[in-house]
């Protein structure tokens, strides 16, 4: 069964106000054509962009959507999760500071997985790779999200769009660990200063601090909070085994990505709006300026995350940029996340 994907083209140098108007128009079209009921509180799943990056989608592009919600008395927020790799987006306070610095000030900023990634909901899915997935706890509180994605390339996933925004974007730190490497953190004792911050942040009482500090593998749930909290880089997730898993088992990674996306949308009536502009070969987590690979395409909207990603990939290929990583969509279709078959509806 095919899904409808609604599209409005933008010029190569569209202004933020024009993009905002297009996004609102497509949101209204999806709600009307797909008969989508709206909840009274709908978070916006966004990406704030890494420090130094300037090709992330600017918050002014979301003004039309926020106006639409406000006019209907619908509460909202900007919602995101913490990252694995350190930097300002690894902890809540500095993540919020970065969001504000990048202009995300109109709505409250909510980091869905807590101070350092320790707050999660275990969503049961019973799929090939995971029986359950760790999703940021705040996301689990809502029946509906508006998922605002930036279509672009990605070094490991091949490309990032709605599926990746759902999976890596909604996963708590432990979910990200499970997708990338399927491992748990451990302590490098030669770097450990016995400060106890990792132990304080562990909700499972899995950490012992002493002459030889260690993490109890049986108690650890792999949430990654200790990794984020340690100021001395003594808690690590990197090993020869974990790096090999991340780089060599790419097909598995794309399937694990799709399973977390399935968990993040389970039981929700989401709307997906994707901005196919500033289409760089790498993701918004890269902390420096990048040059787009092709001209802007436009704005897409759908109720199907797989279909909207497939439409973006197809149009990008037509324009000369063929992305990799389509296994995330193939497997997503296999597990019921969405359909790769779509009808592109070009709106006025």
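Read-outs: derived from the displayed coordinates by stated rules, not from any lab. Note that the structure is a prediction, hence the values are computed from the model and not measured. Cβ sites come from the backbone with ideal geometry, for glycine too, and all protein chains shown count toward neighbours.
With the contact rule set at Cα under 8 Å and sequence spacing of 6 or more, what percent relative contact order holds for the chain?
Value for the chain: 26 percent.
Could you check the spin-label model distance between residue 122 and residue 85? Points 7 Å from the Cα along Cα→Cβ, value in nm.
It is 3.0 nm.
Using only alpha carbon pairs under 8 Å that are at least six residues apart, calculate the relative contact order of region 186-236 and give it in whole percent.
Relative contact order of region 186-236: 48 percent.
So if each residue of separation counts as 0.36 nm, and I subtract the Cα-Cα distance between residue 324 and residue 269, what length gain in nm does that give?
Here the segment from residue 324 to residue 269 would lengthen by 17.0 nm.
Take every Cα-Cα pair in region 186-236 and report what % of them are more than 15 Å apart.
Looking at region 186-236, the distances longer than 15 Å represent 31 percent of pairs.
How far apart, in nm, are the 7 Å Cα→Cβ label points at residue 233 and residue 60?
That separation, rounded to one decimal, is 3.8 nm.
Of the listed values (1) 19.4; (2) 20.4; (3) 21.2, grab the one calculated as Kirkwood radius over Cα pairs in Å from the structure here.
Only one listed value fits the structure, namely (2).
Given R₀ = 35 Å, FRET efficiency for residue 32-residue 204 by Cβ-Cβ distance, to 0.05?
So the FRET efficiency works out to roughly 0.15.
What list do you get for 319, 164 if you sort them by fewest beta carbons within 10 Å?
Arranged by neighbour count, lowest to highest, 319, 164 become 319, 164.
State log₁₀ I(q)/I(0) for region 12-160 at q = 0.10, 0.13, 0.20 Å⁻¹ as given by the Debye formula over alpha-carbon point scatterers of equal weight, solvent excluded.
With no solvent term, the Cα-only Debye profile gives -0.39, -0.68, -1.43.
Which order do 309, 348, 67, 126 fall in if you start with the one that has the fewest other Cβ atoms within 10 Å?
Lowest count first: 348, 126, 67, 309.
In nm, give the distance between the simple-model label positions of residue 101 and residue 194, each being 7 Å from the Cα along the Cα-to-Cβ direction.
Calculated label separation equals 3.5 nm.
If you scale each eigenvalue of the Cα gyration tensor by 5 and take the root, what three semi-axes come out for region 49-92, rounded to whole angstrom and sorted largest first?
Semi-axes from the Cα gyration tensor: 27, 14, 5 Å.
Give me the mean projected area, in nm² to one decimal, of the convex hull enclosing the Cα positions of region 157-227.
5.6
Relative contact order, percent, of region 37-140 when contacts are C-alpha pairs under 8 Å separated by at least 6 residues?
Answer for region 37-140 is 23 percent.
Treat the count of other C-beta atoms within 10 Å as a stand-in for reagent exposure and order 130, 120 from fewest to most.
130, 120
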